[in-house]
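Read through the structure below, which is laid out as structure tokens, and then see the notes.
The values are calculated or read from the model by the stated rules, or taken from the named source; none is laboratory data. In this text the structure is predicted, and so the values were computed from the model without any measurement. Positions of Cβ are generated from backbone atoms using ideal geometry, with glycine treated the same way; all protein chains shown enter the neighbour counts. We work out accessible area using only protein heavy atoms, side chains counted, and drop any ligands, DNA or RNA first. Shrake-Rupley method; radii C 1.70, N 1.55, O 1.52, S 1.80 Å.
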Amino acid sequence: MKNEKILVVGGAGYIGSHMVKDLLDTDYGVITLDDLSTGHRDLVPGGEFIEGGLGDRVLLDNLFSTHPISAVMHFAAFSLVGESVENPLKYYRNNMAATAELLDSMIRHNVKRFIFSSTAAVYGEPVEIPITEDHPCDPTNPYGASKIAVERMLKDCDSAYGLKYISLRYFNASGADESGNIGERHHNETHLIPLILEVATGRRENIKIFGTNYPTPDGTCIRDYIHVSDLTRAHLLALETLMSGGDSSVYNLGNNRGYSVREVIELARKVTGKPIPAIEADKRPGDPAVLIASSDKIKEALGWKPKYEDLETIIKTAWVWHWKEANI
Ligand code: UDP
């Protein structure tokens, strides 16, 4: 498959870098395009690297006319809900408008396979749990709105230009590659598991529990955590599907099982053997009480099967990475 080249946009980020590794391990040729605004050059495990933005028309045209690209995987999005509320145009500009430039260049160069990182945030406040793909999409923040706008764009590009796409709606991506060589590194970390592990490594004093009177058994929010390598394996299946002439589709990716914030902290204490002090804090605006995915559709259609269904194992893989990062 070495002669099949895949363009990974955002391959220097958390999920993108794991994707590059999986593609290389599967013998695809890989080109990473990343502007390094939130990604890290040293996290890209190999292949060709181009520094630049996905909205740069000249760069994209040059890239597509000089490289035979079989498919594009797009991970380069801003993904902080709170920031998207404060600065929505940053999100619409990068996540939506720049993606339109990318698609435009692809279509003009006859590259018509696209795999998109979407999110559970497209659904908004759930009306039914577990969430299936036909749940109404009514995002409660600009981040989710920018992602559902791209999904709509993809549908329209399929009708108009025959673009074939698979959009993968991730629930809570977590964990790290088993090698311990790549993992989650954000400068302004906001996600629960990495923050908890920063407390365990001594980089942070405590973990704040955002809200303790949600309508859940222990009062804290429940989320569905999925290992990053299970996500990337789903992308490989999606890629194979499009390569063999499969049709456009949208799939959820989660584990069909929820853990509360308190349960996550407790499991992290068990995995790390550290006390991890927790303090109760106000709710974070826009957090739904419960988000749990149904991933039956992708299991049935593409034969996807998660390897890391149990959160303790997921946290263990993240812990290896965070421990290493803290001690380098
Ligand atoms: N959370 C928390 N303390 C933190 C960070 C997150 O209690 O310091 C909670 C957050 O309110 C949510 C859950 O942990 O209920 C997962 O949040 P995260 O930001 O990791 O992912 P999200 O579900 O927002 O995509």
Filter segment 196-216 down to the residues that are open to solvent by less than 20 Å² (accessible area, probe 1.4 Å) and either in contact with a Leu (Cβ under 8 Å, 6 or more places away or on another chain) or without any contact (Cβ under 8 Å) to a residue 24 or more places away in the chain (or both) and list them by number. Ile207
For segment 155-171, does any single residue satisfy the condition of being assigned to a helix (DSSP H, G or I), more than 15 Å from the ligand (Cβ to nearest atom), open to solvent by less than 50 Å² (accessible area, probe 1.4 Å) and in contact (Cβ under 8 Å) with a residue 12 or more places away in the chain? yes
Within segment 185-208, how many residues turn out to be touching a Lys or Arg at 6+ places or on another chain (Cβ under 7 Å) and either assigned to a loop (DSSP other than H, G, I, E, B) or near the ligand (Cβ under 8 Å from one of its atoms) (or both)? 1
All-but-one check, Ser117 against (1) assigned to a helix (DSSP H, G or I); (2) within 16 Å of the ligand (Cβ to nearest atom); (3) small (Gly, Ala, Ser), failing number (1)
If you go through segment 295-318 one residue at a time, how many are of a type in the set (Lys, Arg) and farther than 23 Å from Ala238 by Cα? 1
Output the residue which, of all residues in segment 185-195 that are under 16 Å from Arg41 (Cβ atoms) and not basic (Lys, Arg), is surrounded by the fewest Cβ atoms within 10 Å (Cβ to Cβ). His187
